[in-house]
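The values are calculated or read from the model by the stated rules, or taken from the named source; none is laboratory data. Since the structure is predicted, the reported quantities are computational estimates derived from the model, not experimental observations. Ideal geometry is used to build each Cβ from the backbone, glycine not excepted, and the neighbour counts take in all protein chains shown.
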Amino acid sequence: MKQKLIILLFLLSFPSALYVFLSVGKTNFIHLSYVGERELAPNGKDTIYHTVAPFSFTNQDGKILTDKDYEGKIYVVDYFFTTCKTICPKMTTELIRVQDKFAYTKGLIQILSHTVDPENDSVSVLKSYADMVHANTETWNFVTGDKKQLYDMARNSYLLNAMEGDGGSDDFIHSELFVLVDKEKHIRGIYDGTNIKAVNNLIDDIKVLTAEYMIKEKKNNKVRSAAE
């Protein structure tokens, strides 16, 4: 009885562990699908999934952030602008919820918010916005940069907008979508960031993805132990 109580307290203390416990059985494991086009690898067996391209942007602290900063991380992407009065405040509210929900992961789960209005959303403006929404900038970055690169990433990497554009002055992306990216830079889900139920699904999927990696690591440890 005492042992069962200790196990229950452990599971309740670590939400990802609880999700593994509930999601994994002898023959069953919830597995997230991949989003985007895929192709067969040259070996004719493996599948090559859509992958987010390398990037380089400047965050709210004036630091250059690249895709290298997100290696080994699970992250949520959105596109917004600080003067937006329609969908962006709702999206920010939901991202605050995501941030707070996964604070216990100590940086494993990240948020990356891109401005669609780099002409106005300077580093200092993004810094003020981050402070205003009480973002933990250890895990949530707001980035600006070259408009064409920002828009190319939205369209071609994060699959947020199917409409063609050149990143010029008349080009504008206004998307309510959140994108879930795994550690290998594959897209594992796209969600309506203005919809509470959709963001609940995102939160659940992050837990599933976290559990997925925990199971992989456990299997890899067993293989390494057997080989030693």
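In the set D117, D78, D69, which member is surrounded by fewer than 21 Cβ atoms within 10 Å (Cβ to Cβ), under 14 Å from the mean Cα position of the chain (by Cα) and among the charged types (D, E, K, R)?
D69
Are there any strands (runs of 3 or more DSSP E) wholly within segment 50-151 with 3 or more residues that are without any contact (Cβ under 8 Å) to a residue 60 or more places away in the chain and within 26 Å of N201 (Cβ to Cβ), and if so which?
Details: elements: 56-59, 64-66, 74-80, 109-115, 140-144.
Result: 109-115.
In contact with a strand residue (DSSP E or B) (Cβ under 8 Å, 6 or more places away or on another chain) and under 12 Å from V98 (Cα atoms), is that true of I196? Give the derivation first.
Values: in contact with a strand residue (DSSP E or B) (Cβ under 8 Å, 6 or more places away or on another chain): no; under 12 Å from V98 (Cα atoms): yes.
When the stated conditions are applied, I196 does not pass them.
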**Report entry** Among the residues listed as R224, R188, the single one being surrounded by 21 or more Cβ atoms within 10 Å (Cβ to Cβ), among the charged types (D, E, K, R) and either modelled with pLDDT under 95 or in contact with a Leu (Cβ under 9 Å, 6 or more places away or on another chain) (or both)
**Finding:** R188
